[in-house]
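**Q** Attaching a single structure in structure tokens format; questions to follow.
The values are calculated or read from the model by the stated rules, or taken from the named source; none is laboratory data. Worth saying up front: this structure is predicted, and the values here are computed from it rather than measured. A quick note on method: Cβ atoms are made from the backbone with ideal geometry, for glycine too, and the neighbour counts reach across all protein chains shown. These accessible areas exclude ligands, DNA and RNA; they are computed on the full protein's heavy atoms, side chains included. Shrake-Rupley method; radii C 1.70, N 1.55, O 1.52, S 1.80 Å.
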Amino acid sequence: MQKKIHLIAAARPNFMKVAPLYHALKAADWARPVLVHTGQHYDVNMSDAFFTDLRLPEPDIHLGIGSGSHAEQTGQVMIAYEKVLAEHRPDMVIVVGDVNSTIACTLAAAKITYKPSTGIVGTGNEAAVHRKILQRPLIAHLEAGLRSFDRSMPEEVNRLATDVLADVLWTPSPDADENLRHEGVDPGKIVRVGNIMIDSLEMLRHKIEELSVHKEIGLPKGGYGVVTLHRPSNVDNPEILKTLCETLGRISQRLPLVFPVHPRTRKNLETNGLLTSLAANKQLFLLEPQSYIRFMNLVFNCRLVITDSGGIQEETTYLGIPCLTMRPNTERPVTIHEGTNQLCRLEEVEQRAEAVLTKTGGRRPVPEFWDGKTALRVVESIKRLMETA
Ligand code: UD1
């Protein structure tokens, strides 16, 4: 009998993590992947465009939750997903990344009880703790173990809580394994599989390379920077946001900047009367959020990235493109030690950008297991877990 495996997709950074795994599971005759979209991101260009680019079908189940406060969003996903769990009784629930829907679905799955007793028996090293019939689905976290050690970030709270509850922890890098071991996690639960986002990038490399989005904008290859900013710490405080806009304005006089604006950021720019002057700058190109292929094409051909995103720190490291991360910390230290990433305070970013532009640097090797084969390693891990089911 095929194993029913729920893949939880919720917000933009989740889609490129879920897609390679969905395709790999679809190719396995023993697995039945079921796509569950919680609806946390719902705009066409924050969600549907990614499904199209990543060749994902319409979600099998759509919870339609949408925006709200943290508790509202998390609670509503839990309530809706608990009903789905009770009805569909998946063998496994796979959550990815660190968004509110990740912890919400983990919590719902950890507390559900299937009656009468049914479930899976684990086997192999990583399932050492599951050698008993579970009356709920097995919970697996893809991109486990990342830590910023900053609990003021909602994502850090989501990561910590998810990793405590998940039965299997698939990690992208050795620092993640180390974090989990320090937290006392049973080493049998930790499986290093690598960085799943690199699978998406390699899967779509030819499509990404076919485009020249910079030409549509009128910019030369390598002659512009890409900006993305959406963290509450950067965009929710009007003073910080104003200084950020002024700083980007000055940097753009040195290097034109392309800035696809996240809905949260656009809303705050509008509310604080900053959007008009930003848009009037002829060296700064404000765009709507871009689809995966178009955005990656912009990154492939740029000179520099300024961001507060998690995933872009990794993609730039993989591509060897300098990245200035506007955050005091990162849960992805491997991008600094082994990659092209630098953490940057607001008052430093101009100087750092200048330093990047005057420097020519050699490529460094990419971190281990960032090779486009992570989905296959995850499928192998699932297969081992399911073998005796
Ligand atoms: C969420 C994630 C963050 C991730 C980011 C990527 C959490 C806690 N945060 O932050 O980790 O890096 O997604 O984008 O889960 N909005 C729209 N249309 C949409 C989605 C959002 O207009 O399709 C607006 C809504 O007004 C919403 C706001 O953007 O209130 C923020 O969305 P939300 O999902 O709450 O958080 P993000 O800032 O996107």
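**Q** Mind listing whichever residues of the stretch 363-389 are of a type outside the set (A, V, I, L, M) and open to solvent by 70 Å² or more (accessible area, probe 1.4 Å)?
**A** Those that are of a type outside the set (A, V, I, L, M) and open to solvent by 70 Å² or more (accessible area, probe 1.4 Å): Arg363, Arg364, Pro365, Glu368, Lys373, Glu380, Lys383, Arg384, Glu387, Thr388.
**Q** Can you tell me how many residues within the stretch 133-159 are of a type in the set (Gly, Ala, Ser) and either within 13 Å of the ligand (Cβ to nearest atom) or at pLDDT below 95 (or both)?
**A** Total meeting the criteria: 2.
Matching residues to (1) away from the ligand (no atom under 16 Å from the Cβ); (2) in contact with a strand residue (DSSP E or B) (Cβ under 6 Å, 6 or more places away or on another chain):
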position	(1), (2)
Val77	no, no
Leu85	yes, no
Asp91	yes, yes
Val96	no, yes
Ser101	no, no
Thr106	no, yes
Ala109	yes, yes
Tyr114	yes, no
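**Q** Is it true that Arg192 is out of contact with any Phe, Trp or Tyr (no Cβ under 7 Å at 6 or more places or on another chain), open to solvent by 20 Å² or more (accessible area, probe 1.4 Å) and either among the basic types (Lys, Arg) or modelled with pLDDT of 95 or more (or both)?
**A** no
**Q** Follow-up question, since we're still on this one. Quick check: anything in the stretch 104-113 of a type outside the set (A, V, I, L, M), at pLDDT below 95 and more than 16 Å from the chain's Cα centre (by Cα)?
**A** yes
**Q** Still on this model: Just a yes or no: is a residue in the stretch 271-289 within 21 Å of the chain's Cα centre (by Cα), assigned to a loop (DSSP other than H, G, I, E, B) and more than 22 Å from Pro367 (Cα to Cα)?
**A** yes
**Q** Whether any residue in the stretch 54-74 is polar (S, T, N, Q), buried (at least 16 other Cβ atoms within 10 Å of the Cβ) and closer than 23 Å to Lys4 by Cα is what I want to check.
**A** The answer is no, given that none of the residues of the stretch 54-74 is polar (S, T, N, Q), buried (at least 16 other Cβ atoms within 10 Å of the Cβ) and closer than 23 Å to Lys4 by Cα.
**Q** Can you give me the number of residues within the stretch 1-60 that are of a type in the set (Asp, Glu) and away from the ligand (no atom under 11 Å from the Cβ)?
**A** Residues meeting the conditions: 4.
**Q** Here's another thing I want to ask about it. How do the pairs read when you match residues in the stretch 226-249 that are more than 15 Å from Glu270 (Cα to Cα) with residues anywhere that are of a type in the set (Asp, Glu) and part of a helix (DSSP H, G or I), using Cβ under 8 Å and keeping only pairs 6 or more apart or on different chains?
**A** If the second residue must be of a type in the set (Asp, Glu) and part of a helix (DSSP H, G or I), the pairs left are Thr247/Glu350.
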